[in-house]
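Asker: Here you go, one structure.
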Amino acid sequence: MNISIKYHIPARKLSFVNINLTKDNKLFIDPLRIRNGNTEFHKRCYSKIEMFVNNMIKLAQNRKYKKLLEFIDNFYERNETRLGYSIQTIYGKSFGENGGTDLVKLLSKNDILESGFVEDIFDFLIMVPNIGEDKVSDIITTIIFLDLVEYTQEQCELWKIPTKKVVLEKMCWNAEKEIWEKIEAELPVYSNKPIVLVPKSFVGPNYLFSYEKLYREVIIPLYKDLELQNKGSRFVVKYKNGRVHVLGNKLREEYPCTKYVILDFAKKYDLIYRQYKSRVLGA
C-alpha cells in the first residue's frame, strides 16, 4: 500500500516519495541530486553532508580511528524512510548491527583515504571498496535525518497526515551540536513503526555519478583505444578486409567492473578521472 492511498492524498501532487509501506522501495538518496537542487533545503542538507564527510575523511587520513569511531559509531540503516533494502533484514543491508565499526575497520585497512586521493563523498563512492549506493545512501540519511524529520512534519501538516509522538530507537546526528542524541518526534506511524518522508528530488534508482557509469563511459572506451594502439594486443582481432576489432568481452574479463579496477584506473589516469568527475558534477 502506497502512502498516498493510505492517507487519501493525490500522488501526483506530492513532493515526497510515494513509498510503498509494505515492501522495499528500491530508491537511494543521491548526493549529486541533493547538490544539484536549488532550494534552501537542498543547500542546507548538502552542506551538512559535505561537512560530515570532510571530517570523516580528515580523521581517517590522520589515522585517528578511535575518534572516527566516536564520530560515526551510530551509522545504521534508517528503516523509517522505507528506502533501499530496509525491510529485507532487521538491520538492513548496510552496516549491520555494528554500526560504524565495520566502516572504521574497512577504512583502517585501506590507505586510499590516507593518501589524500579521496577528496569528497563522490570519490568515497567511486573508490572505497565495499561501499555502494545503498551504503552511501544510508550514510547520507543518517547525516540529514533530523532535517528529514522536520520535512516530514511539514508535509504531514500540509496534507493532514496524522502523527504520533514516538521515541526513535536509533541515535540521531545533530549537525549543529555535532553530537549523537536520542530524540522523540511527531511522525506518521504504520504497523507501529514511524515513517520519515524523503523529497522525490533527493532520490533515484541509480546514482548520477557512480563507479559503474565511470567504468562503462570512460574506462572501457579508454582501454579499448589503448589496445588498438598496442600492436601485439591479445584483445585485438584484425580481419582480412582491414577491419580491426577489440574483443570487448575479453577486455571486461581482464578488467572487471570492481572497485579495485576503478581505483587502479583513477590512480593511473587521475586527470581523466577528475575531468570526468568535473563534467558529471557540473563543477
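Asker: Say we look at region 124-145 and pick out the residues that are in a helix (DSSP H, G or I) and among the polar types (S, T, N, Q); which of these is surrounded by the most Cβ atoms within 10 Å (Cβ to Cβ)?
Answerer: Selected residue: Ser137.
Asker: Okay, moving on. Give the number of residues within region 68-85 that are at pLDDT 90 or above and assigned to a helix (DSSP H, G or I).
Answerer: 2
Asker: Additional query: Conditions first: (1) more than 17 Å from Cys45 (Cα to Cα); (2) of a type in the set (S, T, N, Q); (3) touching a strand residue (DSSP E or B) at 6+ places or on another chain (Cβ under 8 Å). Thr141 passes all but one, so which condition is the exception?
Answerer: All conditions pass for Thr141, except number (1).
Asker: Quick check on region 1-45: of everything there that is within 16 Å of Thr81 (Cβ to Cβ) and of a type in the set (Asp, Glu), which residue is modelled with the lowest pLDDT?
Answerer: Once the filter is applied, the top-ranked residue is Asp24.
Asker: Let me ask you something else. Would you please name the residue that is nearest to the chain's Cα centre (by Cα), looking only at residues in region 245-271 that are among the aliphatic types (A, V, I, L, M) and more than 20 Å from Val128 (Cβ to Cβ)?
Answerer: In this case the residue turns out to be Leu271.
Asker: Of all residues in region 192-206, count the ones that are polar (S, T, N, Q) and within 18 Å of the chain's Cα centre (by Cα).
Answerer: Qualifying residue count for the region: 2.
Asker: Moving on to the next point. Going by what's in this entry, would Ile29 be described as touching a residue at least 60 places away in the same chain (Cβ under 8 Å) and either of a type in the set (A, V, I, L, M) or closer than 21 Å to Ser191 by Cα (or both)?
Answerer: When the stated conditions are applied, Ile29 passes them.
Asker: Scan region 97-111 residue by residue and report those that are surrounded by 15 or more Cβ atoms within 10 Å (Cβ to Cβ) and modelled with pLDDT under 70.
Answerer: Of everything in region 97-111, those that are surrounded by 15 or more Cβ atoms within 10 Å (Cβ to Cβ) and modelled with pLDDT under 70 turn out to be Gly99, Asn110.
Asker: Here are some conditions: (1) over 18 Å from Ser278 (Cα atoms); (2) touching a residue at least 40 places away in the same chain (Cβ under 8 Å). Lys224 meets all but one. Which one does it not meet?
Answerer: Lys224 satisfies all of (1) over 18 Å from Ser278 (Cα atoms); (2) touching a residue at least 40 places away in the same chain (Cβ under 8 Å) except (2).
Asker: Among the residues of region 53-70, write down those that are under 17 Å from Lys135 (Cβ atoms) and surrounded by fewer than 21 Cβ atoms within 10 Å (Cβ to Cβ).
Answerer: Once the filter is applied, which keeps residues that are under 17 Å from Lys135 (Cβ atoms) and surrounded by fewer than 21 Cβ atoms within 10 Å (Cβ to Cβ), region 53-70 yields only Leu69.
The values are calculated or read from the model by the stated rules, or taken from the named source; none is laboratory data. Nothing here was measured: the structure is a model prediction, and the numbers come from that model. In this analysis, Cβ positions are derived from the backbone assuming ideal geometry, glycine residues included, and neighbour counts consider all displayed protein chains.
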